[in-house]
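Here is the structure we will look at.
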Amino acid sequence: MSALGCALQCQPPRAAVATLDSALHLGAIGEDDLDEIFAAVPEKYRVLRPLVDGRAEAGSETLARLLVRGLGVPVEIQKVIEGVGRVDLVVDGWLVIECDSRAHHGGWIAQERDRQRDLALAERGYVCIRPTAQMIFTRPDQLLRSVRGLLHGRRPQ
């Protein structure tokens, strides 16, 4: 656990939260361990504790969640949508962000499955965007601009 405390203090805040999210998600630590980690670090890092959420299944999901959360809109994590299944993030109740990686979304069969899910989401009134993990890590501003554009263009029903 001391390594995670060091990681918390040595990484940029979003990366530190992603590290802790992953440790929780993988079962390497529990909530009690997380409390111990935050108790052992300087107080200035404790502000990150409420941001840690082990439901995130990948660092890219954590980073996307934290980026979008900064826009001041509600973000749901790992939401189950009837007829579709679980999605990574739902922003403002209607915008789905699926954080795709090559490991889980490569190949034509996976592409077909993803497109089918996108169509099922559209049938239910959702809009889905699929930034890749690489895009989220290397071009986070592009994700933010895309989400802002969609939120701004959304018409009340």
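Of all DSSP beta bridges confined to the chain, the antiparallel ones make up roughly 70%.
Rolled with a 1.4 Å probe across the full set of protein chains, the surface gives Thr138 an accessible area near 80 Å². Accessible area per residue for the range 36-113, computed on protein heavy atoms with a 1.4 Å probe, is 52 Å². Full extension of the chain between Asp32 and Gln134 yields a length gain of 33.5 nm, computed as 0.36 nm times the residue separation minus the alpha carbon distance. Helical runs assigned H by DSSP (4 residues or longer) give the chain a calculated mean residue ellipticity at 222 nm of -15500 deg cm²/dmol, each run adding -39500 (n - 2.57) before division by the residue total. For the chain, the carbon plus sulfur part of the accessible surface works out to 54%, probe radius 1.4 Å.
Taking θ as phi - 60° and the Karplus parameters 6.51, -1.76 and 1.60, the scalar couplings of the range 19-32 work out to 4, 5, 4, 5, 4, 5, 4, 7, x, 5, 9, x, 4, 5 Hz in sequence order, x denoting glycine and proline. Taking every protein chain into account, the 1.4 Å probe leaves Leu26 with about 140 Å² of accessible area, to the nearest ten.
Phi angles of the range 51-64 translate, via the Karplus equation with coefficients 6.51, -1.76, 1.60 and θ = phi - 60°, into HN-Hα couplings of 7, 6, 8, x, 6, 4, 9, 7, x, 5, 5, 4, 4, 4 Hz per residue; Gly and Pro are given as x. Subtracting the Cα-Cα distance of Ala40 and Arg148 from their residue separation scaled by 0.36 nm leaves 35.1 nm.
Here's how it looks for Lys79: its modeled amide H is under 5 Å from those of Val87, Val90, which are all 5 or more places away or on a different chain. With every protein chain left in place and a probe of 1.4 Å, what is the accessible surface of Val47, to the nearest 10 Å²? Probe radius 1.4 Å; accessible area of Val47 about 100 Å².
The values are calculated or read from the model by the stated rules, or taken from the named source; none is laboratory data. None of these values were measured; they are calculated from a predicted model. To get the accessible areas, we keep the full protein, side chains included, count just its heavy atoms, and leave off ligands, DNA and RNA. Shrake-Rupley method; radii C 1.70, N 1.55, O 1.52, S 1.80 Å.
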